[in-house]
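What follows is a single structure, written as structure tokens, with notes after it.
The values are calculated or read from the model by the stated rules, or taken from the named source; none is laboratory data. On a predicted model such as this, the values are computed, not experimentally measured, just so you know. Neighbour counts are summed over all protein chains in view; Cβ atoms, including those assigned to glycine, are modelled from backbone coordinates with ideal geometry.
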Amino acid sequence: MTPPTGWFVPEALYWQGALLRGVSVHLQEGKVVEITHASIPDALQVEGLLTPAWVNAHTHLELSHLRGKLPRGRGMVDFLEAMGPGRGQASPEIIYQALHEAAQAGTWAFVSHQNVPLPPEAIPSRVQVYPLTEYFGLRRNGARRRWKALRRWGYPLTPHSFYALSRPLLRRVRRFTAFPRSLHFYESVEERLWLEGGKGPFKRFFRRFVARPYPPRWRYWLSQAYRRTPALWLIHAAELPASLAEILLHRYPRLYFVLCPEANAYLFRRGPALSFWRRYPHRLLLGTDSLANSPSLSVWEPLRRLLLAGFHWEEALLAVVDTPRRWVAVPPFWVQVAPLSERLSLLPQTQPKTFALRATIAEKGFSAR
């Protein structure tokens with residue numbers, strides 16, 4: 001697949017935070033050369049909305065083999081137990097197919113939490129994957145040895161969450177990282193009960209690993225994790241009270257929230273309060289979590305949820321186009337979203353696809369190098 005070259009007239013164009021109508025755009029191998037309101041006689045008419053390629057800011061590629069195999073709607077502890085030793089066993093072929101399908105639907109860059117190294121042959125051509133080594137462990141013994149082993153992979157390191165770390169591993173969040181630090185936060189009712197009161201199903205679950213589990217001082221460790229990193233990404237936050245979210249957003253200007261509403265709906269039959277997040281679209285990113293709890297690695301369904309919740313296109317696309325590009329390089333592809341109504345609202349059959357109409361472009365005399 002080759003990024004498009006030529007003059008195009010879409011129904012609407014999203015570019016640098018704005019939705020433009022009645023414009024012609026000149027692309028050269030996917031890169032914008034010119035945008036004009038002038039009429040271009042030989043420009044190719046394009047149905048729907050054109051937008052730069054999308055970013056999936058949170059997934060677990062190593063769980064791609066578990067699609068449809070784990071329980072739905074039974075909470076975090078049941079999900080963890082059902083995953084068991086099968087974690088990290090996705091074959092390169094399965095990961096490749098999942099990434100390829102998502103790229104066809106417009107998602108070309110992925111940030112993946114990994115507990116095993118990602119095979120290079122699992123990544124399709126031009127797709128960008130940013131693996132993060134996810135570390136966790138409640139047992140103190142062997143923490144230093146495990147940490148050293150993980151560093152050999154060469155990926156940036158990030159904690160899974162505050163609740164899944166022993167004290168030695170919690171101290172590692174103070175270290176410098178060049179890529180944003182990304183961790184799960186207020187993902188489930190179990191986590192909220194544990195962080196706020198030291199009770200609930202997590203207390204029983206954690207006794208398998210330590211005799212006397214206790215909740216971390218997460219406010220202190222969040223402030224430590226925020227230091228010496230370009231940004232701190234908190235994933236899910238489906239159970240985060242709005243009042244606390246307000247405090248954190250104002251206290252930490254480089255704090256962002258990564259929403260994965262499809263995964264939340266699968267695991268907990270509920271999701272984040274999207275009406276609240278409409279007030280902070282510039283502090284949002286979108287992800288899918290894994291195929292163990294999402295139907296696809298494409299961010300179309302999370303994006304669609306934002307639109308149905310009342311987000312404008314500019315607000316929703318900010319989370320998959322502009323904001324993540326501060327840290328993630330994306331191939332110069334474009335996404336065509338169609339069909340849309342005259343007001344650009346979603347129709348039942350609206351779908352995204354990567355815009356690469358080679359045959360049509362060639363008929364118009366344009367190059368598709």
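Right, A103: in a helix (DSSP H, G or I), buried (at least 16 other Cβ atoms within 10 Å of the Cβ), touching a Ser or Thr at 6+ places or on another chain (Cβ under 9 Å) and touching a residue at least 24 places away in the same chain (Cβ under 8 Å) or not?
Yes, satisfied.
Scan region 137-163 for residues that are within 21 Å of the chain's Cα centre (by Cα) and either under 18 Å from L222 (Cβ atoms) or of a type in the set (A, V, I, L, M, F, W, C) (or both) and jot them down.
Hits for region 137-163 are L157, T158, P159, H160, S161, F162.
R87 passes all but one of (1) within 18 Å of the chain's Cα centre (by Cα); (2) at pLDDT below 95; which number fails?
Condition not satisfied by R87: (1).
Could you say whether any residue in region 263-279 is without any contact (Cβ under 8 Å) to a residue 12 or more places away in the chain and among the aromatic types (F, W, Y)?
no
Sort out which residues of region 266-319 are touching an Asp or Glu at 6+ places or on another chain (Cβ under 8 Å), surrounded by 21 or more Cβ atoms within 10 Å (Cβ to Cβ) and part of a helix (DSSP H, G or I), and write them in order of number.
Result: P302, L306.
Does L70 fit the bill of being buried (at least 19 other Cβ atoms within 10 Å of the Cβ), more than 20 Å from the chain's Cα centre (by Cα) and outside the structural domain of L340 (by TED's automatic domain parsing)?
yes
Considering only residues that are more than 27 Å from F355 (Cα to Cα) and small (G, A, S), which ones fall in region 41-71?
Across region 41-71, the qualifying residue is only G68.
I'd like the full set of residues that are surrounded by 21 or more Cβ atoms within 10 Å (Cβ to Cβ) and either in a helix (DSSP H, G or I) or not assigned by TED's automatic domain parsing to the domain that holds S161 (or both), limited to region 219-265.
Correct list: A225, A245, P261, E262, A263, N264.
Quick one: count up the residues across region 1-51 that are of a type in the set (V, I, T) and either buried (at least 20 other Cβ atoms within 10 Å of the Cβ) or not in a strand (DSSP E or B) (or both).
Within region 1-51, residues that are of a type in the set (V, I, T) and either buried (at least 20 other Cβ atoms within 10 Å of the Cβ) or not in a strand (DSSP E or B) (or both) number 7.
Search region 136-147 for residues that are touching a residue at least 40 places away in the same chain (Cβ under 8 Å) and not assigned by TED's automatic domain parsing to the domain that holds F209 and pair each with any residue that is among the hydroxyl-bearing types (S, T, Y) and assigned to a loop (DSSP other than H, G, I, E, B) when their beta-carbon atoms are under 7 Å apart and the residues are at least 6 apart or on different chains.
Within 7 Å, no pair qualifies.
If only one of F136, F179 is out of contact with any helix residue (DSSP H, G or I) (no Cβ under 6 Å at 6 or more places or on another chain) and at pLDDT below 95, which one is it?
Among F136, F179, only F136 is out of contact with any helix residue (DSSP H, G or I) (no Cβ under 6 Å at 6 or more places or on another chain) and at pLDDT below 95.
Any residue in region 181-189 that is over 23 Å from Q114 (Cβ atoms) and either surrounded by 23 or more Cβ atoms within 10 Å (Cβ to Cβ) or touching an Asp or Glu at 6+ places or on another chain (Cβ under 8 Å) (or both)?
Checking region 181-189: at least one residue is over 23 Å from Q114 (Cβ atoms) and either surrounded by 23 or more Cβ atoms within 10 Å (Cβ to Cβ) or touching an Asp or Glu at 6+ places or on another chain (Cβ under 8 Å) (or both).
I'm trying to understand the selection: among the residues of region 200-237, which are farther than 19 Å from R181 by Cα and touching a Leu at 6+ places or on another chain (Cβ under 8 Å)?
Residues satisfying the conditions are G200, P201, F202, F205, F206, F209, V210, P213, P215.
Which of the following residues is touching a residue at least 24 places away in the same chain (Cβ under 8 Å), part of a helix (DSSP H, G or I) and not aliphatic (A, V, I, L, M): Y96, Y130, Y163?
Y96
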